[in-house]
1. With Arg103, Arg94, Arg67 as the choices, which residue is of a type outside the set (A, V, I, L, M), in contact (Cβ under 8 Å) with a residue 12 or more places away in the chain and surrounded by fewer than 10 Cβ atoms within 10 Å (Cβ to Cβ)?
2. Testing Arg23 on (1) at pLDDT below 90; (2) in contact with a Ser or Thr (Cβ under 8 Å, 6 or more places away or on another chain), one condition comes back false. Which one is that?
3. If you scan segment 72-91, which residues turn out to be aromatic (Phe, Trp, Tyr) and surrounded by fewer than 13 Cβ atoms within 10 Å (Cβ to Cβ)?
4. Pick out the one residue from Asp54, Asp60, Asp32 that is without any contact (Cβ under 8 Å) to a residue 12 or more places away in the chain, among the acidic types (Asp, Glu) and closer than 30 Å to His124 by Cα.
5. Out of the residues in segment 28-63 that are in contact with a Ser or Thr (Cβ under 8 Å, 6 or more places away or on another chain) and within 20 Å of Phe14 (Cβ to Cβ), state the one that is surrounded by the fewest Cβ atoms within 10 Å (Cβ to Cβ).
Amino acid sequence: MRTDLFDYELPKSFIAQHAAEPRDSSRLLVLDRATGRTEHCRFSEIGAFLRRGDLLVANDSRVVPARLRAHKATGGAVEIFLLRQLDEEGREWRCLVRGRGLRAGARGQLDGGPVEVEIVSEGHGGQR
């Protein structure tokens, strides 16, 4: 799967810092799949878009600040997305890593700090 097709820039100003009050006044983006037209609504209007037999899935997850920027020893930029912690100490993570020439054994430095990172194994679809 080409995971790069899911990449997009989302300005920090677009990310809600607090829940809307009242909660059902939050924004809802609706896509008409037949026409491709989008419409901006309020969540309180969701009932108008649901039909008998539709399934509504509640997502109560939170955004985790999981994007890290680093540089390889050669100076090239690397973007790291933390997916899952693998050890109790938080020293090993399964990640999605974007950057050229990144193989097991490659090392780099996190931007803004003295933390070194190393790719210890390679997976599928950019996972390391």
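The values are calculated or read from the model by the stated rules, or taken from the named source; none is laboratory data. Quick caveat, the model's predicted, so the values are computed rather than measured. Note that we place each Cβ from the backbone using ideal geometry, even for glycine, and neighbour counts take in every protein chain shown.
1. Sole residue among the options that is of a type outside the set (A, V, I, L, M), in contact (Cβ under 8 Å) with a residue 12 or more places away in the chain and surrounded by fewer than 10 Cβ atoms within 10 Å (Cβ to Cβ): Arg103.
2. Here Arg23 meets the rest and fails (2).
3. Within segment 72-91, no residue meets the criteria.
4. Residue meeting the stated conditions: Asp60.
5. Across segment 28-63, the extreme among qualifying residues is Leu29.
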